[in-house]
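See structure below.
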Amino acid sequence: MLIDSAKTRAVKAQGQTGIMVSPQEALKELYWWIKKIAENKKQQIQHPISQAIVVTDVSAQGWGATLELDSGEVLVAHGAWLSYQIHWTSNRKELQAIHLGIIVL
């Protein structure tokens, strides 16, 4: 590019703080690039990441989970606690419901 060679000459002659006078051809080239950039149509490079919502709940008897997809489809899973899980704390049951919901759905 003409602007690059003009910058290089200015730095060699005047140092980093010198003043550069842009050649007419370099200005034409810059204006061409500005025009091309303005004409560009924005395009998305990556596809948006699909999202889903998982909702879980537990009770003393069992657990339930729903998965709502971007498409509007809703999947449901549920189950009863096994004998050794009945005595777990509610926090542990909630974590287990999240785990099971993700695995099953």
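The values are calculated or read from the model by the stated rules, or taken from the named source; none is laboratory data. In this text the structure is predicted, and so the values were computed from the model without any measurement. A quick note on method: Cβ atoms are made from the backbone with ideal geometry, for glycine too, and the neighbour counts reach across all protein chains shown. Remember, those area values only see protein heavy atoms, side chains included, never the ligands or the DNA or RNA. Shrake-Rupley method; radii C 1.70, N 1.55, O 1.52, S 1.80 Å.
May I ask you to list the residues in segment 61-81 that are under 27 Å from the mean Cα position of the chain (by Cα) and not in a strand (DSSP E or B)? Before you say what the answer is, go through the steps one by one.
Within segment 61-81, the first condition is being under 27 Å from the mean Cα position of the chain (by Cα), and the residues that meet it are 65-75.
70, 71, 72, 73, listed by residue number.
Identify the single condition in (1) open to solvent by less than 70 Å² (accessible area, probe 1.4 Å); (2) part of a strand (DSSP E or B) that residue 57 does not satisfy, given that it satisfies every other one.
Failing condition for residue 57: (1).
Any idea which of (1) among the aromatic types (Phe, Trp, Tyr); (2) assigned to a strand (DSSP E or B); (3) loosely packed, with under 11 Cβ neighbours inside 10 Å is the one residue 84 doesn't satisfy?
Only one criterion is unmet by residue 84, namely (2).
Cβ contacts < 8 Å: first residue part of a helix (DSSP H, G or I), restricted to segment 22-39; second residue open to solvent by 60 Å² or more (accessible area, probe 1.4 Å) and of a type outside the set (D, E, K, R), any location; separation 6+ or different chain. Result?
That search, which allows pairs on different chains as well, returns 25/2; 26/1; 26/2; 29/1; 29/2.
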